[in-house]
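The values are calculated or read from the model by the stated rules, or taken from the named source; none is laboratory data. Computed from a predicted model, the values in this text were never measured in an experiment. Every residue, glycine as well, gets a Cβ built from its backbone with ideal geometry; the counts of neighbours run over all protein chains shown. The accessibility values were calculated without ligands, DNA or RNA, using every heavy atom of the protein model including side chains. Shrake-Rupley method; radii C 1.70, N 1.55, O 1.52, S 1.80 Å.
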Protein chains: 2
Amino acid sequence: MSRKEFSVAVAGATGAVGELMIKVLEERNFPVREMRYLASARSVGKRLAWKGEEIEVRELSARAFSGVDIALFSAGGGRSLEFAPAAVEAGAVVVDNSSAFRMEADVPLVVPEVNAPDIANYTQRGIIANPNCTTIIMVVALKPLYDFSRIRRVVVSSYQSASGAGAQAMEELKEQTRSWVKGDPIEVKAFQHQLLFNVIPHIDSFTDNGYTKEEMKMHNETRKMFHDDQIRVSSTCVRVPVLTAHSEAVAIETESEITPEKARELISAAPGVEVLDDPERNSYPMPLFTAGGDTCYVGRIRRDFSVENGLSFWVVGDQLRKGAATNAVQIAEILADQYL
Amino acid sequence: MSRKEFSVAVAGATGAVGELMIKVLEERNFPVREMRYLASARSVGKRLAWKGEEIEVRELSARAFSGVDIALFSAGGGRSLEFAPAAVEAGAVVVDNSSAFRMEADVPLVVPEVNAPDIANYTQRGIIANPNCTTIIMVVALKPLYDFSRIRRVVVSSYQSASGAGAQAMEELKEQTRSWVKGDPIEVKAFQHQLLFNVIPHIDSFTDNGYTKEEMKMHNETRKMFHDDQIRVSSTCVRVPVLTAHSEAVAIETESEITPEKARELISAAPGVEVLDDPERNSYPMPLFTAGGDTCYVGRIRRDFSVENGLSFWVVGDQLRKGAATNAVQIAEILADQYL
């Protein structure tokens, strides 16, 4: 059986998520005819691996997309706003990891396990948006529960790792660790405050209602993906001194009761998510043991006795993989298989 | 004005909280006539400071309390069960930091800022219980809000520091940090898993309903202190790689609306707790900058838009001081001033 192959561009190829997009495209054997690495001027000329060869990084520009079928963007919202339309103009379909287009009505926002059919609407703007990483990890766990009983409300607190702020932020946490051991002054650049031995209740900038943008994304993006403007998501997003993988304590209220047993059954049967919930054996999801994989793990599943039809759980996922790179590649796979 | 002085014993004097009890008694110039340090057999003979002198540690035994007026216990639940009754028998009033007696109907459970008048009931058993550290930090913030409008429900996620599990647990986090930098194997003893660069959703043992004992304490102890068996507290207690001070993301539902402005006003006027809430200037409570003090700090105050009469906030306090030692000494002060 012959399989169609595509010209693929990765915009932001030298960033933490961009590099991982390349790795995931390789791992999943994406049908690539030609691979193009794009980044800002200062990275031009760098050579990055692709299936045993090396490809030179070219400058991210409007002209760089000629002949490209699928462009994966992870170069920041400003670059997406500037260059995604040019990529579409050149004939590419854009899968954009930034927040630039996520809430636009004519841009589908997709987690394949949640709302894969929305990908069909890519034709409107030529762009599909990849959701916020913390939101992705939560919604893969919410989806099987939602399909059993509509979710009315979510209260979630996050424990987000340093690499969510980029490769240099993860490096800063490591450097702070080395400085602490040496007794050197601890330098703070990537975050607002020292992250080592601290937690910082501040991710992205603050909005007028006292929530951060990160927290509002969890509300707005969840509603959009579930096509449900009744669901309300209140979150507190917190940076913790973890290198990779985000954790979330989630309390939901559903229309009808979902027992913990039923929740385990529903989540076990769902794609992209697994139950890891044997507390008596000290078994529950943790970021240290989740980083590097694509599965989100759910544990600490229990009835929330503080409200009718309440359920509490704990979910952990690698926010660079399923929360960003892998989700984008999954979208590209569906595009490639079904639409292009 | 002459001031009455007391014979005071600290049971568990060599532990993290015991040592801090001694420090706080000194700091606050507690009216001590005679100080007695008690600990297990292996610490007997150690000499610990008291106001510029040294006192030798004696063995914690039933006979050690003869002549003692006030005994502060922080030697673990088993020791409290074994020796607190003997201390009472010998004529002492016991302030017990363990969970052994907290939920007993004839033992007052007290955070002075919340329910100081309950101290009067010490006469029933001769024992006053100091609440769980995570609960104390939360209730000092809840109290001024509760007095304005009854709280129906609390959903809270904690970010608890290593020293909550004792001095050796804090040392283990430091040792893991040094090992990581050296590239040595990371040893795990105090916690179930590596804490460095990780978060562990498991504090104390699990109960049949899927919550941990730590989580159930937040529910049960809050109800007892507020004398309100309608309030429901659902929590997820999580250990994070922080040395000292616990943080909590709290979402409450109240009978009538408390606006964020009103909440700031109420908390600002309350004892033991301060508002630190200027997010535009990156100002909010964090454990790294809270450790070492007695005040609990509240920030990220905002209307929780996901529910009627919802309010969200973030509270941080030093769990060894206000969450344990200082709270116990405050109770002892009220005993000394008003009852003994």
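Would you be able to say whether some residue in the range B:112-122 is more than 17 Å from B:Ile22 (Cα to Cα) and in contact with a Leu (Cβ under 6 Å, 6 or more places away or on another chain)?
In the first step, residues of the range B:112-122 are kept if they are more than 17 Å from B:Ile22 (Cα to Cα); the result is B:112-122.
Of the ones still in play, those that are also in contact with a Leu (Cβ under 6 Å, 6 or more places away or on another chain) are none.
Among the residues of the range B:112-122, not one is more than 17 Å from B:Ile22 (Cα to Cα) and in contact with a Leu (Cβ under 6 Å, 6 or more places away or on another chain), which makes the answer no.
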Practice task
Say whether the condition of being farther than 20 Å from A:Ala249 by Cβ, part of a helix (DSSP H, G or I) and more than 12 Å from chain A (Cβ to nearest Cβ) is met by at least one residue in the range B:228-240.
Solution key: no
Completion exercise
Considering residues that are of a type in the set (Val, Ile, Thr) and touching a residue at least 40 places away in the same chain (Cβ under 8 Å), the number found within the range B:53-89 is 3
Practice task
Within the range A:284-302, track down each residue that is within 7 Å of another protein chain (Cβ to nearest Cβ) and open to solvent by 30 Å² or more (accessible area, probe 1.4 Å).
Solution key: A:Leu288
Exercise for the section: Output the number of the condition that B:Thr207 fails; it satisfies all remaining conditions of (1) β-branched (Val, Ile, Thr); (2) in contact with a Leu (Cβ under 7 Å, 6 or more places away or on another chain); (3) free of Cβ contacts under 8 Å to residues at least 12 places away in the same chain. Expected result: (2)
Handout entry: Residues located in the range A:308-334, provided they are open to solvent by 30 Å² or more (accessible area, probe 1.4 Å) and under 18 Å from A:Ala249 (Cα atoms)
Key = A:Asn309
Problem - Condition broken by B:Lys213, with the remaining ones in (1) surrounded by fewer than 23 Cβ atoms within 10 Å (Cβ to Cβ); (2) more than 18 Å from A:Arg300 (Cα to Cα); (3) within 17 Å of the chain's Cα centre (by Cα); (4) more than 9 Å from chain A (Cβ to nearest Cβ) satisfied - result: (2)
Problem - Index of the failed condition, A:Phe305 passing every other in (1) at the interface with chain B (Cβ under 7 Å from one of its Cβ atoms); (2) aromatic (Phe, Trp, Tyr); (3) crowded, with 21+ Cβ neighbours inside 10 Å - result: (3)
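Can you tell me how many residues in the range A:86-115 are surrounded by 16 or more Cβ atoms within 10 Å (Cβ to Cβ) and in a helix (DSSP H, G or I)? So that I can check it myself, show each step before the final result.
Within the range A:86-115, the first condition is being surrounded by 16 or more Cβ atoms within 10 Å (Cβ to Cβ), and the residues that meet it are A:86-88, A:90, A:92-102, A:107-115.
Narrowing further to those that are in a helix (DSSP H, G or I): A:86-88, A:112-115.
The qualifying residues number 7.
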Exercise for the section: For B:Asp337, work out the one condition from (1) more than 20 Å from B:Ala270 (Cα to Cα); (2) open to solvent by less than 10 Å² (accessible area, probe 1.4 Å); (3) not small (Gly, Ala, Ser) it doesn't fulfil. Expected result: (2)
Problem - Test result for A:Ile22, within 22 Å of the chain's Cα centre (by Cα) and either assigned to a strand (DSSP E or B) or crowded, with 18+ Cβ neighbours inside 10 Å (or both) - result: yes
Exercise for the section: Go through (1) open to solvent by 10 Å² or more (accessible area, probe 1.4 Å); (2) closer than 29 Å to B:Pro144 by Cα and name the single condition B:Gly77 misses. Expected result: (2)
Exercise for the section: State yes or no: is A:Arg125 open to solvent by 10 Å² or more (accessible area, probe 1.4 Å) and within 14 Å of another protein chain (Cβ to nearest Cβ)? Expected result: no
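When you scan the range A:186-196, do you find a residue that is basic (Lys, Arg) and not in a loop (DSSP other than H, G, I, E, B), even just one? Before you say what the answer is, go through the steps one by one.
Of the residues in the range A:186-196, the ones basic (Lys, Arg) are A:189.
Filter once more, so that each one left must be not in a loop (DSSP other than H, G, I, E, B): none.
For the range A:186-196, residues basic (Lys, Arg) and not in a loop (DSSP other than H, G, I, E, B): absent.
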Completion exercise
The lone condition B:Val140 fails out of (1) open to solvent by less than 10 Å² (accessible area, probe 1.4 Å); (2) free of Cβ contacts under 8 Å to residues at least 12 places away in the same chain; (3) among the β-branched types (Val, Ile, Thr) is (2)
Fill in the blank from the handout: The number of residues in the range B:227-283 that are open to solvent by 60 Å² or more (accessible area, probe 1.4 Å), of a type in the set (S, T, N, Q) and touching a residue at least 40 places away in the same chain (Cβ under 8 Å) is 1
Practice task
Would you confirm whether any residue within the range A:44-52 is open to solvent by 10 Å² or more (accessible area, probe 1.4 Å), out of contact with any His (no Cβ under 7 Å at 6 or more places or on another chain), closer than 15 Å to A:Gly15 by Cβ and in contact (Cβ under 8 Å) with a residue 60 or more places away in the chain?
Solution key: no
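Of the residues A:Gln330, A:Gln319, A:Gln338, which is more than 10 Å from chain B (Cβ to nearest Cβ), in contact with a Lys or Arg (Cβ under 9 Å, 6 or more places away or on another chain) and at pLDDT 95 or above?
Numbers: A:Gln319 fails: in contact with a Lys or Arg (Cβ under 9 Å, 6 or more places away or on another chain); A:Gln338 fails: in contact with a Lys or Arg (Cβ under 9 Å, 6 or more places away or on another chain).
Unique residue meeting the criteria: A:Gln330.
Evaluate the following for B:Ala71: is it touching a helix residue (DSSP H, G or I) at 6+ places or on another chain (Cβ under 6 Å), outside any loop (DSSP other than H, G, I, E, B) and not aromatic (Phe, Trp, Tyr)? Spell out how you get there, then give the answer.
Values: touching a helix residue (DSSP H, G or I) at 6+ places or on another chain (Cβ under 6 Å): yes; outside any loop (DSSP other than H, G, I, E, B): yes; not aromatic (Phe, Trp, Tyr): yes.
Taking the combined requirement at face value, the residue satisfies it.
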Practice task
Only residues that are over 13 Å from the mean Cα position of the chain (by Cα) and assigned to a loop (DSSP other than H, G, I, E, B): list them for the range B:118-176, please.
Solution key: B:Arg125, B:Gly126, B:Ser149, B:Arg150
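Among the residues of the range A:183-203, write down those that are without any contact (Cβ under 8 Å) to a residue 12 or more places away in the chain and more than 8 Å from every other protein chain (Cβ to nearest Cβ).
Taking the range A:183-203 as the starting set, the residues that turn out to be without any contact (Cβ under 8 Å) to a residue 12 or more places away in the chain are A:183-186, A:192-193.
Result: A:Gly183, A:Asp184, A:Pro185, A:Ile186.
Within the range A:266-302, track down each residue that is among the charged types (D, E, K, R) and under 27 Å from B:Asp204 (Cα atoms).
To start, the set of residues in the range A:266-302 that are among the charged types (D, E, K, R) comprises A:274, A:277-278, A:280-281, A:294, A:300, A:302.
A:Glu274, A:Asp277, A:Asp278, A:Glu280, A:Arg281, A:Arg300, A:Arg302, listed by residue number.
Against the condition within 14 Å of chain B (Cβ to nearest Cβ) and of a type in the set (S, T, N, Q), how does A:Gln168 come out, does it pass? Please lay out each step first, then the result.
Values: within 14 Å of chain B (Cβ to nearest Cβ): no; of a type in the set (S, T, N, Q): yes.
Spelling it out, it is not the case that A:Gln168 is within 14 Å of chain B (Cβ to nearest Cβ) and of a type in the set (S, T, N, Q).
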Handout entry: Scan of the range A:32-43 for residues that are touching a Phe, Trp or Tyr at 6+ places or on another chain (Cβ under 9 Å) and surrounded by fewer than 16 Cβ atoms within 10 Å (Cβ to Cβ), ordered by number
Key = A:Arg33, A:Glu34
